[in-house]
1. Take Met114 and decide whether it is away from the ligand (no atom under 15 Å from the Cβ) and of a type outside the set (Asp, Glu).
2. Output yes when any residue across the range 171-189 is crowded, with 17+ Cβ neighbours inside 10 Å, assigned to a loop (DSSP other than H, G, I, E, B), at pLDDT 95 or above and on the phi < 0 side of the Ramachandran plot, and no when none is.
3. Just to be sure, is Asp72 buried (at least 22 other Cβ atoms within 10 Å of the Cβ) and either under 26 Å from Ile314 (Cα atoms) or within 15 Å of the ligand (Cβ to nearest atom) (or both)?
4. Pick from Val135, Val57, Val69: which is modelled with pLDDT under 95, of a type in the set (A, V, I, L, M) and assigned by TED's automatic domain parsing to the domain that holds Thr318?
5. Among the residues of the range 21-44, what is the count of those that are assigned to a loop (DSSP other than H, G, I, E, B) and within 16 Å of the ligand (Cβ to nearest atom)?
6. Out of everything in the range 437-460 that is among the aliphatic types (A, V, I, L, M) and touching a helix residue (DSSP H, G or I) at 6+ places or on another chain (Cβ under 6 Å), what residue ends up being modelled with the highest pLDDT?
7. Across the range 75-105, what is the number of residues that are surrounded by fewer than 22 Cβ atoms within 10 Å (Cβ to Cβ) and more than 27 Å from the chain's Cα centre (by Cα)?
8. Would you check which residues across the range 75-95 are within 17 Å of Asp35 (Cβ to Cβ) and within 16 Å of the ligand (Cβ to nearest atom) and list them?
Amino acid sequence: MVLRKSLFFAAVASLYSGGRAVDNGLAVTPQMGWDNWNSFGCAVSETLLLNTAQLIVDYGLKDLGYHYVILDDCWSAGRDASNNNSLIADPTKFPNGMKAVADAVHALGLGFGMYSSAGKYTCGGYAGSQGFETVDANTFASWGVDYLKYDNCYNQGQAGNQLISYTRQVVSDYSMMQANHARYATMANALNETGRPILYSLCNWGEDYPWNWGSTIANSWRITGDVYDSWDEPDARCPCDGPDAWNCGLPGFHCSVTNIMNKASFVVSKAQPGAWNDLDMLEVGNGAMSDAEYVAHFSLWAAVKSPLILGNDIRVITPADLALLSNPAVIAVNQDPSGSSAARKWLYATNGTDAYGGASIQLWSGNLKSTTGGDQNDVVVVLINGNNDTTVMNATLADIFVDNGPAGTAAQVKMSWEVRDLWANRMSDAEAQAIITASSAAGNATTGYNATRVGAGRYNATKTSYAEGLANNDPLLLGKVSTTVQPSGTIIATVDPHGAAMFRLRALPTGKKDEL
Ligand code: GLA
């Protein structure tokens, strides 16, 4: 009995300690890629994936770091009883089998991701992996899968607290936990045992606080119900829609960008290299938000180190959306080598007319690795305007550096900072259109035409990582100098309705240093 008890506490301690990130060497910076779910749902096929993969290359998105092509739900045709119960790829949707898809994706220099659920069925009602973890992990590895998104549907009630979500069964003998009888951990172990590095992306929608235990077994964990292509539309199916909704018992779905930003604000400190809060796939390009709203959505996801997974139909991408998603100065914040998330420094309700308690304005900021060669970090600043009107917003150095000392006492408040606008150099729509036109004129699917050839001046992270580019002060990554903010000063920005301003601050040499 005593032994049992101590084993129990040891197991609990290891679950709750936060620990270091899963040690598979992947997602050292947040993963980037594309997933079909937001724009295609269950309408998946080999053709869709391979055409999209080719366009990711042609449009220079691969070069910017969008690496994984992820096949979401609805791909299987059940299990093969005559072959160890392994999953079968739907032969109509994938006539050449899944390995052929993986091979073709790899031939383009991209990674291949797949989806399953830690339940009896997937959310779409297809065979789930619960109880079949080893056979499924082996199947994924044999196909050449590089990434697994692992969902939470049909878990048969095995959720409700952290241990149950983590564990596969409600164990009567706590020592079983030592044997890794665990719902999400079982798949983690099965993936590790394949010997193939497979990025592990938990999708349990923030249920049972995955930010407390996800880092011990996975590379990322969803923190909310499913995102929806909406800035702030309230929807009863995504409850807890307010600035205090940290403890949401029902993740739901149809979560607006504003709803997800609120939920993210409480858990930002849990992000670390190899283990990230996942705010869900991007909605940029799906058509229901304004350009300004998509800018704010992308800026915030980048600043909090969410995985950046495109969720739009790349075959019909508009020039504006290609330009937005191709902004290397914003992506460089996401891929910053220091891997720490920005945090919300304030949120003020305003007199705007949005639902759920009125609109709000917010300031987020956080540390980036220094690009000045000094010992002072660079800093990212994001001002978000939830008002329905253009708003002049202020970010004081005192608020930006409040974590370094309250009420303006931080040493950084007494310094001068170069302010660089990270959206100022967004590619023009004409340039983006030229890339799209050139690619289709060249017949991308057959020639393997790579539009980065015409995209002179675009960043190529497959040649020079963001870490190296930042260390070299590559101007493509640093935005445009807009002003200098003096000691105890304020950054002032005019921000579009539902839009964002995003800046990189770089320390300016102090007078003292010059005198030395
Ligand atoms: C859940 C997930 C989504 C998507 C669907 C597929 O809702 O959260 O991201 O994978 O399942 O059915």
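The values are calculated or read from the model by the stated rules, or taken from the named source; none is laboratory data. Keep in mind it's a predicted model, so treat the numbers as computed, not measured. A quick note on method: Cβ atoms are made from the backbone with ideal geometry, for glycine too, and the neighbour counts reach across all protein chains shown.
1. In short, no.
2. No, the conditions are met nowhere in the range 171-189.
3. On the way: buried (at least 22 other Cβ atoms within 10 Å of the Cβ): yes; either under 26 Å from Ile314 (Cα atoms) or within 15 Å of the ligand (Cβ to nearest atom) (or both): yes.
Yes; evaluated as a whole, the condition is true for this residue.
4. Val57
5. Restricting attention to the range 21-44, the residues satisfying the condition of being assigned to a loop (DSSP other than H, G, I, E, B) are 21-31, 36, 41-44.
Then drop every residue that is not within 16 Å of the ligand (Cβ to nearest atom), which leaves 31, 36, 41-44.
The total comes to 6.
6. Per the criteria, the residue is Ala438.
7. 19
8. Trp75, Ser76, Lys93
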